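Trainee: Before we start, here is the structure in question, set down as C-alpha cells.
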Amino acid sequence: QKEGFRFFMEKEIYEQSRVLADTLLGRLRDESIYFEELDNNLFEGINEIKLCACGTSYHAALVASYLFERHSKIRVSVEIASEFRYREPFLTADTLFIVISQSGETADTLESLKMAKRSGLKTMVICNVDNSSMVRLADASILTRAGIEKGVASTKAFATQVCVLWMLSLFLGGARKTLATEEIKRQIHLLRALPSTVNVENVLHEQLRRLSKRYLHGHGFFFIGRDVFYPLALEGALKLKEISYLHAEGYPSGEMKHGPIALADPELFTIALLPQHMLYDKTKSNIEELSARDSTICSISPLDFDKADDHIRTHLHEDYMLEFFEMMVVLQLLSMEIAIRLGNDVDMPRNLAKSVTVE
Ligand code: F6R
C-alpha cells in the first residue's frame, strides 16, 4: 500500500496536504474557529494552560506555547510527560491540562493525564486515534484526522497537531477577546492556504536529494531557529537522528554563543531556519557568527543569503506560520533522503517502536 512511494514515511509526507485539508474541514468559519467537540464552558475559570507530551508531540506542544501566549494572552507551561509524572508539580484548579499524542496510548503521557485528573484539573487531549485510552479519559478531545501513520518517524501527525493547536490558539483568542476579529479573519485565511503550502514540489525534492549525498558525511548537525522555528529545529534534529542515526541537536539560534558554537568546524553542518517574517535580522546575524567560525551552513529561507554554503530557497509567504509549514516539509524530506542514502529502513528505525506503551 505504499502506492509507488519508497517508504510509508515518504507517502505520509506527501499526504500532508490532504490530511491538513481534512483537519481544517468544518472548523473554519468566516470570523471564528469552530470545534464541534468543545463545550463552551471548558475554558471558564481557566487562567493557565499546561501542555504535556513526549517526543514529536512535545515539539508540537512547544510550538503551541508560543501561539497560545501570543494569541490568547494566557500563561502556558510545557511539560515532558516522563518528567512531569515523577516530580511533584504544583497544580492549581484554574489550569487546563492538555496532552498531545498521536497514538493516545503513550504510557508517560497517559499517566500524566491520570495524575492531572486526580488533582482535579480540567483535561483535554489532542489525539489522532479516536477511542484511544487518552480520548476516553480526558474531559474533552480534539481529533487531528491525520489517518493511520505507519512510519515510526512522525510526519503528518505532527503537521496536523500544529494545525489543531494553531486553530485552538485562535479559538481561545476569540473567546478571551485578546485577538481582534480582523486578525482572526486574517489567520483563518492563512489556515486555508495550508494544504497548498505543504505540497511537495519535484524541484525542491530533487535539490534535497542532491544535498543529501554530501550531508550524509556530516560528523554532526545543528538545527537552529528562533520562536516557533526553535521547536521546529528540535523536530528537524529528532527526525534526522531517529532515521539516519547521525548526531543532531536542535538549538535556539541565539543560544549558540553560550557554548555550542565552540564545536563549529567545517565537518559540523548547521541547518539554519531563516524565515522572512520572524526575527529575520537577529537570526541572520546568529548564522553569520557560525559561518565566520567555519561551520558548514545550509540555510533555509525565501530570501537570498550569501554567507551559506548551501541554500534551500522556500517560497515567499505572507506570514511566518506558512513559512513554518513549508520548512517542516523541507526538514522531513532532507532527513528521509539522508537516511535512504545510508541504506536505512526509514519506516522501522532501529531500537524504536511506533507506540511506546511501556515507560
Ligand atoms: C518521533 C516520534 C515519537 C513520538 C512519541 C510520542 O518521530 O514519533 O517521538 O512523537 O513517542 O508518541 P505519541 O504522539 O503517540 O504520544
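Values quoted throughout were computed directly from the atomic coordinates according to the rules given, and no laboratory measurement underlies them. Being a predicted model, the structure only gives us computed values, none of them experimental. Please note: Cβ atoms are built from the backbone with ideal geometry, for glycine as well, and neighbour counts cover all protein chains shown.
Trainee: Given the chain, report the % of alpha carbon pairs whose separation exceeds 28 Å.
Mentor: 42 percent
Trainee: Return the inverse of the average 1/r over all pairs of distinct C-alpha atoms in the range 47-111, which is the Kirkwood hydrodynamic radius, in Å to one decimal.
Mentor: Evaluated over the range 47-111, this radius sits at 12.0 Å.
Trainee: For MET256, MET328, MET348, what's the fewest-to-most ordering of other Cβ within 10 Å of each Cβ?
Mentor: Going from sparsest to densest Cβ surroundings: MET348, MET256, MET328.
Trainee: Between helix 55-72 and the chain, what is the angle of the helix's C-alpha long axis to the longest principal axis, kept within 0 to 90° and rounded to the nearest 10?
Mentor: The two axes meet at around 70 degrees.
Trainee: Taking the Cα atoms of the range 1-149, what is the range of coordinates along each of the three principal axes, in descending order and whole Å?
Mentor: Projected onto the principal axes, the Cα atoms of the range 1-149 cover 51, 40, 27 Å.
Trainee: Could you compute the net charge surrounding LEU331? Neighbours are other residues with a C-beta less than 9 Å from the C-beta of LEU331; K and R count +1, D and E count -1.
Mentor: Once positives and negatives cancel, what remains is 0.
Trainee: If Lys and Arg each add +1 and Asp and Glu each add -1, what is the summed charge of the other residues whose beta carbon sits under 14 Å from the beta carbon of LEU28?
Mentor: +2
Trainee: Taking the inverse of the average 1/r across all pairs of different Cα atoms in the range 90-133, what Kirkwood radius in Å do you get?
Mentor: 10.7 Å
Trainee: Ok, one more. Measure nothing fancy, just the Cα-based angle from helix 280-292's long axis to the longest principal axis of the chain, in degrees from 0 to 90, nearest 10.
Mentor: So the inclination is approximately 40 degrees.
Trainee: Working only with C-alpha atoms, what are the Rg and Dmax values of the range 201-289, expressed in angstrom?
Mentor: Cα-based Rg and Dmax for the range 201-289 come out at 13.1, 39 Å.
Trainee: Please work out the FRET efficiency for the pair ASP345 and ARG18, using the Cβ-Cβ distance as r and a Förster radius of 25 Å; give the result to the nearest 0.05.
Mentor: Plugging the Cβ-Cβ distance into 1/(1 + (r/R0)^6) gives 0.50.
Trainee: For LYS284, list the aspartates and glutamates whose Cα falls under 12 Å from its own Cα; do not include residues on the same chain fewer than 8 positions away.
Mentor: ASP304, ASP306
Trainee: Another question, if that's okay. Determine the distance separating the Cα centre of the range 183-244 from the Cα centre of the range 289-325; give it in Å without decimals.
Mentor: Answer, in whole Å: 11.
Trainee: Within 10 Å, count the other beta carbons around each residue, average over each peptide in 313-324, 144-155, and list them highest first.
Mentor: The peptides rank, most packed first, as 144-155, 313-324.
Trainee: So what's the range 157-207 giving for Cα Rg divided by 2.2 N^0.38 Å, two decimals?
Mentor: Scaled against compact globular proteins, the figure is 1.45.
Trainee: Also, I was wondering about something else. May I ask you to compute the full-extension gain from LYS257 to ASP306, defined as 0.36 nm times their residue separation minus their alpha-carbon distance, rounded to one decimal in nm?
Mentor: Between LYS257 and ASP306, full extension yields 15.5 nm more.
Trainee: Mean separation of Cα pairs under 8 Å and 6+ residues apart, divided by the residue count of the chain: what relative contact order is that in percent?
Mentor: 19 percent
Trainee: For the range 86-161, state the average projected area of the convex hull of the C-alpha atoms over all orientations, rounded to one decimal in nm².
Mentor: Convex hull of Cα atoms, orientation-averaged projection: 5.2 nm².
Trainee: How many nm is it between the label spots at TYR245 and ALA292, if each spot is 7 Å from the Cα in line with the beta carbon?
Mentor: Placing both labels 7 Å beyond Cα along the Cβ direction yields 3.9 nm.
Trainee: While we're looking at this one, here's another question. I'd like the Kirkwood hydrodynamic radius of the range 134-234, using the inverse of the mean 1/r over distinct C-alpha pairs, in Å.
Mentor: Over the range 134-234, the inverse of the mean reciprocal pair distance is 17.1 Å.
Trainee: Oh, and also: Taking a 23 Å limit on the Cα-Cα distance, which of the listed pairs LYS213/LYS241; LYS73/LYS185; LYS213/LYS239; LYS50/LYS239 fall beyond it?
Mentor: The answer is LYS50/LYS239.
Trainee: Okay, next question. Around ALA262, what is the net charge, scoring Lys/Arg as +1 and Asp/Glu as -1 over all other residues with Cβ under 15 Å from its Cβ?
Mentor: After counting each charged neighbour, the total is -4.
Trainee: If you project the alpha carbons of the range 235-359 onto the principal axes, what extent comes out on each, in Å, largest first?
Mentor: 43, 35, 30
Trainee: Could you give the angle, 0 to 90 degrees to the nearest 10, between helix 320-341's Cα long axis and the longest principal axis of the Cα atoms of the chain?
Mentor: With both axes taken from Cα atoms, the answer is about 60 degrees.
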